[in-house]
4 protein chains.
Amino acid sequence: MMIVMNAKATDGDIQSVVEMLEAKGYDHHISRGVERTLVGAIGTPDGEKQAMAEQLMTLNGVERVVPILRPYKLVSREHQEETSVVYIGDAAFGRGKVGIIAGPCTVETEEQTLAAARAVKAAGAVCLRGGAFKPRTSPYDFQGLGEDALKILATAREETGLPVVTEARDVSHVDLVAEYADALQIGARNMQNYDLLQSAGESGMPVVLKRGLSATVEEWLKAAEYIASSGNLDIILCERGIRTFETITRFTLDLAGMVAAKQETHLPIIVDPSHSTGHYLLVSPMTLAAIAAGADGVMIEVHPQPDRALCDSAQQLTPKNFQKLMDNVRSLSTAVGADLQRNSEEA
Amino acid sequence: MMIVMNAKATDGDIQSVVEMLEAKGYDHHISRGVERTLVGAIGTPDGEKQAMAEQLMTLNGVERVVPILRPYKLVSREHQEETSVVYIGDAAFGRGKVGIIAGPCTVETEEQTLAAARAVKAAGAVCLRGGAFKPRTSPYDFQGLGEDALKILATAREETGLPVVTEARDVSHVDLVAEYADALQIGARNMQNYDLLQSAGESGMPVVLKRGLSATVEEWLKAAEYIASSGNLDIILCERGIRTFETITRFTLDLAGMVAAKQETHLPIIVDPSHSTGHYLLVSPMTLAAIAAGADGVMIEVHPQPDRALCDSAQQLTPKNFQKLMDNVRSLSTAVGADLQRNSEEA
Amino acid sequence: MMIVMNAKATDGDIQSVVEMLEAKGYDHHISRGVERTLVGAIGTPDGEKQAMAEQLMTLNGVERVVPILRPYKLVSREHQEETSVVYIGDAAFGRGKVGIIAGPCTVETEEQTLAAARAVKAAGAVCLRGGAFKPRTSPYDFQGLGEDALKILATAREETGLPVVTEARDVSHVDLVAEYADALQIGARNMQNYDLLQSAGESGMPVVLKRGLSATVEEWLKAAEYIASSGNLDIILCERGIRTFETITRFTLDLAGMVAAKQETHLPIIVDPSHSTGHYLLVSPMTLAAIAAGADGVMIEVHPQPDRALCDSAQQLTPKNFQKLMDNVRSLSTAVGADLQRNSEEA
Amino acid sequence: MMIVMNAKATDGDIQSVVEMLEAKGYDHHISRGVERTLVGAIGTPDGEKQAMAEQLMTLNGVERVVPILRPYKLVSREHQEETSVVYIGDAAFGRGKVGIIAGPCTVETEEQTLAAARAVKAAGAVCLRGGAFKPRTSPYDFQGLGEDALKILATAREETGLPVVTEARDVSHVDLVAEYADALQIGARNMQNYDLLQSAGESGMPVVLKRGLSATVEEWLKAAEYIASSGNLDIILCERGIRTFETITRFTLDLAGMVAAKQETHLPIIVDPSHSTGHYLLVSPMTLAAIAAGADGVMIEVHPQPDRALCDSAQQLTPKNFQKLMDNVRSLSTAVGADLQRNSEEA
């Protein structure tokens, strides 16, 4: 890291910085400019960098501490230059391969889930989504069916052959999800639930990690590093919109942030146009935009009867609209050179 | 709720809205204006309001659905007009009573914690804080001492008589925290961890609920409602800054939002100037500002040697600076009519 | 508008609201629900709606005032259902027609501008952009060549046949820009410079109105209404990113907001991927994403030698990269059914 | 500035950076760390720093360019350590002196303005505010009386002796405002209207510069530098809230940002609790909070009959509430050691 001394820092101030660095085992390097002196800290990272940067900030004469290295390693392109391919069941994401995940916001009944699963399979999805544990912002809203939902999802997988991704909302759900599903999703509100991240990492399952609604790309990648540092690199990131002052959409889908993140990390990144926009009329254009921008997949909510859905009615596509969208996705994918994955029905 | 039809809505569209309302057991009321027709839904809330609003949005001709009632009840001023007084041990917060909570960011050693506890007691704090389970954004940072930290906090309470508040980061920590501490804190990153909210509610302990970094006041109060709906109304809200585009401070402390929230809820609200600003030079002015604005308490980080702290060095006050601040807090409290709580040493 | 009375509003409070409405010439309509009474104000808008809503808020018992109609008219889809086609010279934007505007951030020299103009013409742009008056955030930065730049742009138009769009930063620039250019751009920082909006409206020129960096879609459309209310509906909106907490990109490009805005307004909307992202590597993916999402055009910065540009080097494409991008734009446009406009060279 | 090379930068890449620095007349300094090489650029600022930083970003192997010096000089504490005192008429702001500016949002009639002026004088304000040119977000709203309003303000000054501050919305208003008023205000929407900033600087009048609603503190100080670089250092900054996702208040008042800004600049900073919160119930607590936090003044809207105001009714205090507030301001100022300025009536 680089310590910027302020204009009035004395030699004694600089000496204090040097002593703190030496005490922590860092080499240093002093550069005296016309208006500022800089002290560079050189050495092997020791797991206390953030703490040391904070401690340096308390010293007299220190104006700023500028980190030079990024705060993540295993998930970075420096660690691995080539984009990873991550599999959910036999569906591949990354390194040009683009998969469509679809299904209802929430598992409500077996009938509804099977209807959705059949429809998305027929239209070309390679993976089924569906919520079992719903993080609802009001205690008076429907909270999901829990394990019963997981069983229904497993039935739908058996019938359609589509691998299943579903959210674990708490550490206590991880084993259950692992038992029934093919990938474990960590929701936006849990992106910095570190116990859950670690538990997901240790599960060994593929993890879909949604970006927190107020998380920078850097924080998102640090959350992925949590999972990776538990030995699990089967991580798919999912951009799902950030919170901004704009309310005409539910959140602000950050496609440019997704592209910028892909330059930083080798992990595949998919996009959720349903939660981010909150309205079905925006889902199709944002799906196409995501693929044109280079997303490795898209996760779309589809419900047999959106007007009867127990949650997020407004953002779920009908099977018919999903099918139309998939036709457009196919044309677009060809035009932009994306290798759109197909399911067994199409293959 | 009020359904606003768009300018081209037909009689049939209006009829569909009416039918959906009737099917859910709501009365309705149609108001035909010059440019828009409004349909009012009248009836007893039924726990599916959010879902119904979403479903209505999928109908032809519906432009918007405007909720009329707030999405929280037990914590609202409508439910209880007078501000609640909530106790942590014998320290009171609310209805004019203002308490100062202080202590280190993290429990590092018994020596460090006892030194901090004695210093904040001597200066006038009525409650001790200290982190046992730290939500750190990097997997390579110090994560807290866990149960050992809780034991140290209990020792510090025994010696100083100060009640203890500490964070539970996960459902699995709730029982442990309940065993050792006087109040359970839910951190900003967990404000929408609904399992944790429910578990905190069921614990029966006083809960300090921090505002999420991207949570609106409404969402914050809905999170409090989660706790309250579990039968526990001993809730103290804590404003700790929201995420904005401004980075000169770590977060943006929203004191006006705190005052606006106090108009909505009878729960006491305290302010955390340490995490919100991220720098000790801002902690004193923001403490005074919070009390002048009507906060029911302030939670301040104090460390015997901030430059050696294992986390958040830059934002922790020295005991000496904390004492100076407390002198100013006393003058200010008198001037603005706040009933500043005193600890046993002062009483 | 709808006035929501609070739970404790008395009959007298409601009467005061009714009297204020009657005094302003509005009819009213009272709806008494179980928990709230609503008063609807019905009547012809009178140019003082915003003021009246504020005045109602000062009355006892009033909880909220909910506007029902949108605060813009001429630019809305209600006023005109079909998307407008707006021409800059002979380049068309809107109703399926998609045009690419390109050129340097700033006019630096005649040589640089002509080189850029020839390159973007050859690659397929239909319109030339270039800054004459630059809104720079530091007084020590290059401010643009002013009228000399306008003359250079006119020369470039003469040689290439490309119509020219350039920014007027102040009311005093409007006549000058009108003399030399084919369309007048209003920059993001000036979106609420109402004198400039009015002056642009009165100029009768086509206006490219950039979205303010902290403007909601509603505020953006209200700014367009300012221009339209001066009698000029030749307005092209330009999404160029909003300010959020994310800094990995310069601003956050809001493509979903663009699509949502297109549902509200009949005006064509183009996208500026250069200023919004701030880095050339993001310009190509965001150009493709914009067209896939349904943008009516894209405005791209191209410089013959970006590494020598006097401003915004990092976001300007080389002619070679721009040509590659245009090849991809052509494939994509065919796939998504966009009618990509061609210039005279291609036609 | 410091150029951070990426992990794969070659010696040739570093050489290209060095050559660009040398060509611009900078010395350089290379520091090779374990994982990154840093190149320091040392030299006299040359007015093209921002452009050069951008150009460096286009070179191969360059990961980031970190500016070391701040982008403002004249307004910084480095340039002048002691806080400035700025006078509006004989009212002083800064270096401990705290003044209250009050008056109506907009000048509506002579009667209304005189009533407000008398009331705020009687209660203890030292300066009168009132809008002549209103920046309204809708073309259908009241736009202000223009020069007639300036004449009314001059009359109010004559009668009460209070100096007058009012906004110039456009360069064309500057001379008019200079003729009638004692200080010129630049509104939040114009904070980056560089022509207006320069014109205000050249007017030689005291300038009240409001923070833009999406401006960082750094950008705000850069805007002040624009004025200062025109030779005018009689600048009072005014914090008036920033745009965030929170809508329970109109904007988010950033008091901690104000304190952080005061550490950077010697200019006095006042706070506008009226526009920032948008509701009169929040104005009093935020006024007290601002003074407790160390603001050099507060600007408050007061209207003889808020419920009849032509704009911003909801945020204007009645004379009676303003008087109560001033009583509290006096107690608080004594407690926190602020030197509250008094007008001729009180002196």
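Would you point out the residue of the range A:303-314, among those that are part of a helix (DSSP H, G or I) and surrounded by fewer than 21 Cβ atoms within 10 Å (Cβ to Cβ), that is farthest from the other protein chains (Cβ to nearest Cβ)? Applying the filter and picking the extreme gives A:308.
Out of the residues in the range C:144-188 meeting the condition of being among the basic types (Lys, Arg) and surrounded by fewer than 23 Cβ atoms within 10 Å (Cβ to Cβ), tell me which one is nearest to the chain's Cα centre (by Cα). Per the stated criteria, the residue is C:157. In summary, residue D:289 fulfils each of the numbered conditions (1) out of contact with any strand residue (DSSP E or B) (no Cβ under 8 Å at 6 or more places or on another chain); (2) more than 9 Å from chain B (Cβ to nearest Cβ); (3) part of a helix (DSSP H, G or I) with the single exception of condition (2). Go through the range C:315-338 and give me each residue that's under 16 Å from residue C:285 (Cβ atoms) and either of a type in the set (A, V, I, L, M, F, W, C) or part of a strand (DSSP E or B) (or both). Result: C:317, C:322, C:325, C:326, C:329, C:332, C:335, C:336. Taking the range A:318-347, which residues are more than 26 Å from the chain's Cα centre (by Cα), charged (D, E, K, R) and closer than 21 Å to residue A:163 by Cα? Answer for the range A:318-347, where residues must be more than 26 Å from the chain's Cα centre (by Cα), charged (D, E, K, R) and closer than 21 Å to residue A:163 by Cα: A:345, A:346.
The set of residues in the range D:264-298 being surrounded by fewer than 24 Cβ atoms within 10 Å (Cβ to Cβ), in contact with a helix residue (DSSP H, G or I) (Cβ under 8 Å, 6 or more places away or on another chain) and not small (Gly, Ala, Ser) consists of D:264, D:275, D:279, D:281. Filtering A:37, A:58 for residues that are of a type in the set (Val, Ile, Thr), without any contact (Cβ under 8 Å) to a residue 24 or more places away in the chain and closer than 29 Å to residue B:315 by Cβ leaves a single hit, A:58. Residue check: residue C:204 meets all listed conditions (1) surrounded by fewer than 21 Cβ atoms within 10 Å (Cβ to Cβ); (2) touching a helix residue (DSSP H, G or I) at 6+ places or on another chain (Cβ under 6 Å); (3) modelled with pLDDT under 95 but one, namely (2).
Kindly provide the set of residues from the range A:258-278 that are free of Cβ contacts under 8 Å to residues at least 40 places away in the same chain, farther than 20 Å from residue A:85 by Cα and more than 9 Å from chain C (Cβ to nearest Cβ), ordered by number.
A:278
Using the structure shown, decide if residue C:118 is assigned by TED's automatic domain parsing to the domain that holds residue C:181, surrounded by fewer than 22 Cβ atoms within 10 Å (Cβ to Cβ), on the phi > 0 side of the Ramachandran plot and modelled with pLDDT of 95 or more. So residue C:118 does not fit the description; no.
Consider residue B:300 carefully, then state whether it is more than 7 Å from chain D (Cβ to nearest Cβ), among the β-branched types (Val, Ile, Thr) and in contact (Cβ under 8 Å) with a residue 60 or more places away in the chain. In short, yes.
Entry remark, the range D:204-218: residues being within 14 Å of residue D:191 (Cα to Cα), of a type outside the set (A, V, I, L, M, F, W, C) and out of contact with any Gly (no Cβ under 7 Å at 6 or more places or on another chain) number 5 in total. Note on the range B:247-257: residues that are surrounded by 23 or more Cβ atoms within 10 Å (Cβ to Cβ) and either among the charged types (D, E, K, R) or more than 9 Å from every other protein chain (Cβ to nearest Cβ) (or both) total 1.
Return a yes/no flag: does the range D:42-50 have any residue that is over 34 Å from the mean Cα position of the chain (by Cα) and either more than 9 Å from every other protein chain (Cβ to nearest Cβ) or surrounded by fewer than 16 Cβ atoms within 10 Å (Cβ to Cβ) (or both). Checking the range D:42-50: not a single residue is over 34 Å from the mean Cα position of the chain (by Cα) and either more than 9 Å from every other protein chain (Cβ to nearest Cβ) or surrounded by fewer than 16 Cβ atoms within 10 Å (Cβ to Cβ) (or both).
Taking the residues in the range A:227-238 that are within 13 Å of chain B (Cβ to nearest Cβ) and either among the polar types (S, T, N, Q) or without any contact (Cβ under 8 Å) to a residue 60 or more places away in the chain (or both) as candidates, determine which candidate is surrounded by the most Cβ atoms within 10 Å (Cβ to Cβ). The residue in question is A:227. Scanning the range B:239-250 for residues that are in contact (Cβ under 8 Å) with a residue 24 or more places away in the chain and more than 22 Å from residue D:247 (Cβ to Cβ) returns a single hit, B:250. Going by the structure shown, is residue C:62 within 11 Å of chain D (Cβ to nearest Cβ), at pLDDT 85 or above and touching a strand residue (DSSP E or B) at 6+ places or on another chain (Cβ under 7 Å)? It is true that residue C:62 is within 11 Å of chain D (Cβ to nearest Cβ), at pLDDT 85 or above and touching a strand residue (DSSP E or B) at 6+ places or on another chain (Cβ under 7 Å).
The single residue among C:36, C:32, C:95 that is buried (at least 17 other Cβ atoms within 10 Å of the Cβ) and away from chain D (no Cβ under 14 Å) turns out to be C:36. All conditions but one from (1) closer than 25 Å to residue A:309 by Cβ; (2) surrounded by 18 or more Cβ atoms within 10 Å (Cβ to Cβ); (3) more than 9 Å from chain A (Cβ to nearest Cβ) apply to residue B:57; the one that does not is (3).
Taking the conditions (1) surrounded by 24 or more Cβ atoms within 10 Å (Cβ to Cβ); (2) closer than 30 Å to residue A:325 by Cβ; (3) within 13 Å of the chain's Cα centre (by Cα) in turn, residue A:197 satisfies each one other than (2).
The values are calculated or read from the model by the stated rules, or taken from the named source; none is laboratory data. Quick caveat, the model's predicted, so the values are computed rather than measured. We place every Cβ from the backbone using ideal geometry, glycine too, and count neighbours over all the protein chains shown.
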